[in-house]
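The values are calculated or read from the model by the stated rules, or taken from the named source; none is laboratory data. It should be emphasised that the depicted structure is a prediction, and the values quoted were computed from it without experimental measurement. Cβ placement follows ideal geometry from the backbone for every residue including glycine, while neighbour counts extend to all protein chains displayed. Note: areas computed on protein heavy atoms with side chains; ligands, DNA, RNA excluded. Shrake-Rupley method; radii C 1.70, N 1.55, O 1.52, S 1.80 Å.
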Amino acid sequence: MSPTFPLLPTPAPLFGEEPTSHGEQPMEREAVLTEEEESYLAGLSEDTEWGPFESLDVAGEWSESAPGTAGTEYLDGEWEDLTEPELFDDSLEFLEDTLAPPAEEWFDEASATDDDAERVVAALSRGRSVQEGELEVRRRPRLTRCLTAADVAETVRLYEQNDDAGASDSPDQHVDRASCIVMLNVGLGRLLSLRTVDHPARGHKRSMPHQPRTVRMGALTVESVDGALNQLVRKGLATGPLVLDFVDRRGKRAGTLAPVSLRSSVSDAVTRRAPDSGCWYGFGLSLLDATHSVLLLVDFSGSTRRIFWLDQFTRGLSREVTTSLDAEITSFTQRLWQTKLDTKKVRFSTTVRLWQLRKRVP
């Protein structure tokens, strides 16, 4: 019988035993073992790896907690995992390491730097895993305002082709020269690598000598320049619009009154949004409340910025407006506003809107 050690404080009596007359707990009496109890104790494992633990009997005691019996806390399939031989092998190794006396080598290893732990900490400090980074790239594609010279060259070539096609139009009617919104979509489709669709260069009229040619343009609306560029905003391929107003002869916001001058400079707004050299930049411009659409390209590949105006009437980069952009916008808006008033008896809004273009990084 193993020795009994007193507990502090003395626990309450067990099994209804009463204290002695002196208030002391009665001494534990030596147990009298039966033959069956002695036989049971003799059958305990003497394995030094297990020590005083009872040998495991998976088919015996543990089977009472198997699935399908009362009181089970395991889900189907969990029981098989718990009774895999590998589980008990790992448990034996754990107990062996725990019960074995610590060796001198163990202390040396514990005091040494854990290279594996350092690598794990370093990996965690770097942030997300490569897989998480790849998923994030797919969810949020990288975008840049910096366009390449190759993108611009191909876009300029399409404007030159449009000018070549329009050369055969009669002086009083455009047929094969694309409308401003269609030509803008053609340019945007190539410049930003959009999905493209076939579309007539302009709406057909009965007075036309033939059907307008078909062009390949970005899959954007042709209802208005504002609608097309706002579609790009929703795709993350443009920011804006920046709204700029004209003032009338009183110096107040013109609205639908005759425009006199810009309240703030469009040229300055474009320049501020083209900050880094070594890049081309693109802007969508909406004039006279979406009556006309323009593609502005800024060449900052050298030491200075050069701004180019592209619409259905320009041949590539033939119209540079680096120092005259505000004057060009003002003159165009004044003429077109007056024309609309004379022909349609309608005062059009003079609002100018500007969007900056962005492209996905391959």
Please list, or write none, the lysines whose alpha carbon is within less than 30 Å of the alpha carbon of Lys359, excluding same-chain residues fewer than 8 places away. Lys235
When you count, for each residue, the other Cβ atoms within 10 Å and take the mean per peptide, how do 306-312, 192-198 rank with the highest first? 306-312, 192-198
What length, rounded to one decimal in nm, is gained on full extension from Ser170 through to Asp248, with 0.36 nm per residue of separation minus their alpha-carbon distance? 24.3 nm
Per residue, what accessible area does the range 143-299 have, given a 1.4 Å probe and all protein chains present, in Å²? 45
What ranking, highest mean first, results for peptides 245-255, 295-305 when packing means the other Cβ atoms within 10 Å averaged over each residue? 295-305, 245-255
Label-zone membership for the range 170-195, site Ser318, 7 angstrom Cα→C-beta point, backbone N under 14 Å: 177-178
Added length on full extension, which subtracts the Cα-Cα distance from 0.36 nm per residue, Thr304 to Lys340: 9.2 nm
Length added when fully stretched, Arg272-Glu160, from 0.36 nm per residue minus Cα-Cα: 37.4 nm
The range 233-301 - convex hull of alpha carbons, volume per residue in Å³: 100
Taking the square root of 5λ for each eigenvalue of the C-alpha gyration tensor of the range 268-349, the equivalent ellipsoid has semi-axes, largest first and in whole angstrom, of 28, 12, 10
What is the local net charge at Thr350, summed over the other residues whose Cβ is closer than 11 Å to its Cβ (Lys, Arg +1; Asp, Glu -1)? +1
Could you name the lysines in cross-link range of Lys344, using Cα to Cα under 30 Å and dropping any fewer than eight places away on the same chain? Lys205, Lys252
For Glu320, solvent-accessible area (1.4 Å; no DNA, RNA or ligand), Å²: 80
So for R0 = 45 Å, FRET eff. of Ser207-Cys146 from the Cβ-Cβ r, to 0.05, ends up at 0.50
